[in-house]
């Protein structure tokens, strides 16, 4: 049973460029959340996707956008990259029916390390 | 914003010792989760708590959901070298259902 998989594992981009990160949720999961983790900090919630729509959003600018596909996989897009966007980007998957019942357990991928130079 | 204050920031202990860490906030949470993160990996869920006052164990780990719903603690008994890592608390805010993470507790265990 594959867990959450993210690609690529590492990425270097230049300031001003755009980047797309990908996530495949754990088998059977239909909800994907994205987090940004700066060095030495805890993950910060970016947004959550369910049924191909953004359901919740954290305090991130519109440069951060996402997409969820019919197979539940998801992409995170960041436009006009800034040096401060350098971080580990984590994807977490969960099952909506469990969320509805109050079970918020989420399983994380190993992340994509983005470096903006 | 609604911050989670996690303490201590770091701990250096001897193998076999017990460890305690906690998270507090001025906001009310519906859920508390405790994760462990190893270098280069994503966080791995250790314990989930859903009710105020709930005390849950997972092997040598014990965590509690505070009665006020504004805090939680995690205890690790009889620490071993593989307990080394960064431990994060995470809580789902009652007012917005947002998930917030603490800044982490870095645990070092000396053999």
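The values are calculated or read from the model by the stated rules, or taken from the named source; none is laboratory data. Values in this document were obtained by computation on a predicted structure and should not be read as measured data. Neighbour counts run over all protein chains shown; Cβ positions are idealised from the backbone, glycine included.
Identify all residues within segment B:55-88 that are modelled with pLDDT under 95 and within 9 Å of another protein chain (Cβ to nearest Cβ); write none if there are none.
Answer for segment B:55-88, where residues must be modelled with pLDDT under 95 and within 9 Å of another protein chain (Cβ to nearest Cβ): there is none.
Which members of segment B:94-111 meet the condition of being outside any strand (DSSP E or B) and either crowded, with 22+ Cβ neighbours inside 10 Å or within 14 Å of chain A (Cβ to nearest Cβ) (or both)?
Within segment B:94-111, B:94, B:95, B:96, B:97, B:98, B:102, B:103, B:104 meet the criteria.
Given the residues A:21, A:39, A:90, A:82, which is the only one that is modelled with pLDDT under 95 and closer than 28 Å to residue B:3 by Cα?
None of the others qualify; the one that does is A:39.
Looking at segment B:83-93, can you tell me whether even one residue there is more than 28 Å from residue A:47 (Cβ to Cβ) and not in a strand (DSSP E or B)?
Taking every residue of segment B:83-93 in turn, at least one turns out to be more than 28 Å from residue A:47 (Cβ to Cβ) and not in a strand (DSSP E or B).
For residues that are surrounded by fewer than 14 Cβ atoms within 10 Å (Cβ to Cβ) and facing chain B (nearest Cβ under 8 Å), scanning just segment A:34-63, find the one that is farthest from the chain's Cα centre (by Cα).
A:40
Of all residues being free of Cβ contacts under 8 Å to residues at least 40 places away in the same chain and buried (at least 19 other Cβ atoms within 10 Å of the Cβ) in segment A:64-84, which is nearest to residue A:32 (Cα to Cα)? Just the residue, please.
A:68
Condition first: away from every other protein chain (no Cβ under 11 Å), assigned to a loop (DSSP other than H, G, I, E, B) and at pLDDT below 95. Now tell me which residues in segment A:93-117 satisfy that.
Result: A:95, single match.
Only residues that are buried (at least 18 other Cβ atoms within 10 Å of the Cβ) and free of Cβ contacts under 8 Å to residues at least 24 places away in the same chain: list them for segment B:24-61, please.
B:42, B:48, B:49
Please state which of the following conditions residue A:28 fails to meet, knowing it meets all the rest: (1) exposed (fewer than 14 other Cβ atoms within 10 Å of the Cβ); (2) within 17 Å of residue A:115 (Cβ to Cβ); (3) touching a residue at least 24 places away in the same chain (Cβ under 8 Å).
The single condition residue A:28 does not satisfy is (2).
Yes or no: residue B:14 within 23 Å of residue B:111 (Cα to Cα) and crowded, with 21+ Cβ neighbours inside 10 Å?
no
Would you check if there is a residue in segment B:32-51 being within 13 Å of another protein chain (Cβ to nearest Cβ), modelled with pLDDT of 95 or more, part of a strand (DSSP E or B) and over 10 Å from the mean Cα position of the chain (by Cα)?
Yes, there is a match, as at least one residue in segment B:32-51 is within 13 Å of another protein chain (Cβ to nearest Cβ), modelled with pLDDT of 95 or more, part of a strand (DSSP E or B) and over 10 Å from the mean Cα position of the chain (by Cα).
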